[in-house]
Amino acid sequence: MGTTQPIRTKEELKKFTDYYKTSKNNPRNYALIVFGLHTALRISDILEIRWKEVYDFEQQTFQKYLGLKEHKTGKYTNIALNPHIIEALLVLKEQTTPEPEHCLFCKSTMPDVPLSRSQAYRIVKEASENSLHKSNISCHSLRKTFGYHAWKQGTQPALLMDIFNHSSYQITKRYLGIGQDEKDSVYMNIDL
């Protein structure tokens, strides 16, 4: 986990997310960031997703859920595709006219080949450095940011532990970035 951090403020998160939507228009990169932020999946799992897993080509509609087996844990998970994800993927679909077997996030000239992890890292890094001027944001920050904001909005850590497929609460706690600042806030704001 190293020094990779979640994006903690809504203002920073909006700047970061919008980088490939407004500053440097790139629907694939924008969708990758939105998808990562809203699914809490590891980048290795995201890069393997095919269009047929999120879009029903016969019905011409997006699926309600993405079901997949996570590489690292081997566990199956179902993820609801929320409106933010659908909106970003719709723009991407209109730009690329994909086939069912095409990778969701593919190389520009090879729709059957997913982006490499290093290319995904460069995409996230560019957005971070140009929108936030921060260097401690990586692909894993997308996952951590999901957890941090879900926790701040009242999601129980035990549920996040299940979503992340963590084996211990300590791992989830590190993901959430719970540190001395959050502890100090509790002490300072308690009113008994």
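Quick note: the coordinates plus some simple rules give every number you see, no bench work behind them. Small disclaimer: the values here were computed from a predicted structure and weren't measured. Neighbour counts are summed over all protein chains in view; Cβ atoms, including those assigned to glycine, are modelled from backbone coordinates with ideal geometry.
Our helix-only sum for the chain, with -39,500 (n - 2.57) per DSSP H run of n ≥ 4 divided by its residues, gives a mean residue ellipticity at 222 nm of -15000 deg cm²/dmol.
For the chain, CYS139 have no disulfide-compatible partner, since no other Cys C-beta lies under 4.7 Å from theirs.
Karplus-based coupling profile of segment 17-25, in residue order and whole Hz: 5, 7, 3, 7, 9, 10, 6, 9, 4, with θ = phi - 60° in 6.51 cos²θ - 1.76 cosθ + 1.60 and x standing for Gly or Pro. With Cα atoms as the point set, segment 10-145 shows a radius of gyration and Dmax of 14.1, 44 Å.
Per-residue extension of 0.36 nm, minus the Cα-Cα distance of THR73 and THR3, leaves a gain of 22.9 nm for this segment.
Just in segment 93-183: which GluC sites (Glu not before Pro) are loop by DSSP and have at most 14 other Cβ atoms within 10 Å? Loop-located and lightly packed - GLU101. Here the contact order of segment 10-145, divided by its residue count and restricted to Cα pairs under 8 Å and six or more residues apart, works out to 31 percent.
Counting other C-beta atoms within 10 Å, and keeping those with at most 16, which DSSP coil chymotrypsin sites (Phe, Trp or Tyr not before Pro) do you find in segment 1-67? Present the calculation step by step, with values, prior to reporting the outcome.
Working: sites: PHE16, TYR19, TYR20, TYR30, PHE35, TRP51, TYR55, PHE57, PHE62, TYR65; in loops: PHE57.
Sparse-neighbourhood loop chymotrypsin sites (Phe, Trp or Tyr not before Pro): PHE57.
Spatially, segment 114-136 and segment 156-192 are offset by 26 Å when compared through their Cα centroids.
Between GLU99 and ASN189, what is the FRET efficiency for a Förster distance of 45 Å, r being their Cβ-Cβ separation, to the nearest 0.05?
About 0.25, to the nearest 0.05.
Sequence-ordered 3J(HN,Hα) estimates for segment 30-41 from the Karplus curve with 6.51, -1.76 and 1.60 and θ = phi - 60° stand at 4, 5, 4, 5, 4, 4, x, 5, 9, 10, 6, 7 Hz, glycine and proline given as x.
With labels modelled as points extended 7 Å from the Cα through the Cβ direction, what inter-label distance (nm, one decimal) is found for TYR169 paired with GLU11? It is 3.4 nm. For ARG50, the residues whose modelled amide H falls within less than 5 Å of its own, excluding neighbours fewer than 5 places apart on the same chain, are LEU104.
Each residue of segment 115-122 was assigned a 3J(HN,Hα) from its phi angle through the Karplus curve 6.51 cos²θ - 1.76 cosθ + 1.60 (θ = phi - 60°); the sequence is 4, 7, 4, 5, 5, 4, 4, 5 Hz, with glycine and proline shown as x.
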